[in-house]
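Laboratory data are not the source of any read-out in this text; all were calculated from the coordinates shown. Note that the structure is a prediction, hence the values are computed from the model and not measured. Positions of Cβ are backbone-derived with ideal geometry, glycine not excepted, and every protein chain shown enters the neighbour counts.
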Amino acid sequence: MTNNNMFFIANWKMYGNTGNIIKSTTVIKLANTKKYKNHKIIYCPPYTLLNAFYKKVKNSNISIGAQNCHANSDFGAFTGSINTKLIKSTGAKYIIIGHSENRNNNDETNLIINKKIKSALSENLKVVFCIGEKLSDKKNKNTYNVLKKQLKIGLKGIKNFNNIIFAYEPVWSIGTGIIPKRTELIRNINNVIKIINKLKKSINPKILYGGSVNPKNAKELAQIKEINGFLVGGASLNAKKFIDIIKKTYN
Ligand code: 13P
């Protein structure tokens, strides 16, 4: 049975404009209906659209999140960078940290991710902490070790995990149209839960899945009881597809 309080997080990456914000009106309407009011629908547009998007959704059931931040929580001479204080001031409540596109393209290490998570938590932002193995890790049967390292270092010194949501995103699944086999996905997510529980006992972590989620596979994925929601890239830019993903999860 599908969970009744799923997360649907739209990661717009380096796409989007005010036209896309206007089109999200249909999603806002859906989010405000009785059937969907317990779900968490969160838009993570580029930094430049955060405040405009916040103004659009502030009286609705939808929240706004950023896609990254600078590791320094204080203000400082970091040209072109945005810290969590600046993000908070836009009205954002969430922040994606550790996305593989930053890990792999911007040399973001697990230690830098740990600093970013601490900075976000200190501003009372809710963290969407991304983890996931590359294709080479999968082929070398190294997925468990990679996930363990990402979680262990990323969460080092953090006492309270209550404001952290985990997003399992196999790197080889992002933007490829390929999703993991059901057994593989369940095994990896259960391993993630096990690793988190070893780091902190008695928490019930929320685990999202990300990677090529679309209206066609949403239902099948949502039936996996360990999955508490989706982090959606490409399909989330199109309001109709995003709505279809949300609806398919329950039909
Ligand atoms: P796609 O849904 O485009 O595969 O992207 C997934 C993702 O990276 C979400 O953070």
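For the chain, the relative contact order is 21 percent, taking Cα pairs closer than 8 Å that sit 6 or more residues apart in sequence and dividing their mean separation by the residue count. By the helix-only formula, in which each DSSP H run with n ≥ 4 contributes -39500 (n - 2.57) and the sum is divided by residues, the chain has a 222 nm mean residue ellipticity of -10500 deg cm²/dmol.
What is the ratio of the Cα radius of gyration of segment 102-176 to 2.2 N^0.38 Å, where N is its residue count, to two decimals?
Values: Rg = 12.8 Å, N = 75, 2.2 N^0.38 = 11.3 Å.
Compactness ratio reported: 1.13.
Per residue, the average separation of C-alpha pairs within less than 8 Å and at least 6 apart gives segment 87-236 a relative contact order of 21 percent.
What dipole magnitude, in Debye to the nearest 20, does the chain give about its Cα centre under +1 on Lys/Arg Cβ and -1 on Asp/Glu Cβ?
Values: 42 positive and 12 negative charges, 156 e Å.
Here the chain has a charge dipole of around 740 debye.
Helix hunt in the chain: which complete DSSP H runs extend at least 15 Å axially by C-alpha with mean Kyte-Doolittle at least -0.5? Show your work: numbers first, answer last.
Numbers: long enough: 110-122 (18 Å, 0.20); 143-154 (16 Å, -0.40); 182-199 (26 Å, -0.04).
Result, helices passing both filters: 110-122, 143-154, 182-199.
The gain in end-to-end length when the THR33 to LYS152 segment is fully stretched comes to 38.9 nm, 0.36 nm per residue minus the alpha carbon separation. Across the cross-link table entries LYS198/LYS248; LYS13/LYS152; LYS141/LYS240; LYS201/LYS225; LYS85/LYS149; LYS23/LYS156, which are compared at the Cα atoms, the separations over 32 Å belong to LYS198/LYS248; LYS141/LYS240; LYS23/LYS156.
The protection proxy used here, the mean number of other Cβ atoms lying within 10 Å of each residue, ranks peptides 187-199, 12-24 as follows, highest first: 187-199, 12-24.
The three principal axes of the Cα atoms in the chain give end-to-end lengths of 49, 44, 34 Å, sorted in falling order.
On full extension of the chain, what length is gained from ASN191 through TYR250, given 0.36 nm per residue of separation minus the C-alpha to C-alpha distance?
Details: separation 59, 0.36 × 59 = 21.24 nm, distance 2.62 nm.
Between ASN191 and TYR250, full extension yields 18.6 nm more.
What number does segment 168-213 give for Rg over Rh if you use C-alpha atoms and the Kirkwood radius? Answer for segment 168-213: 1.04. Counting only Cα atoms, the size of segment 106-251 along its three principal axes is 40, 37, 34 Å, in decreasing order. A full extension of the chain between GLU220 and ILE203 corresponds to an added length of 3.5 nm, given 0.36 nm per residue minus the alpha carbon distance. Spatially, segment 192-251 and segment 1-61 are offset by 15 Å when compared through their Cα centroids. For segment 26-124, the alpha carbon convex hull comes to 113 Å³ per residue, rounded to a whole number.
Which whole number in µm²/s is D for segment 5-68 by Stokes-Einstein, with the Kirkwood Rh taken over Cα pairs at 20 °C and 1.002 mPa s? D, rounded to a whole number, is 182 µm²/s.
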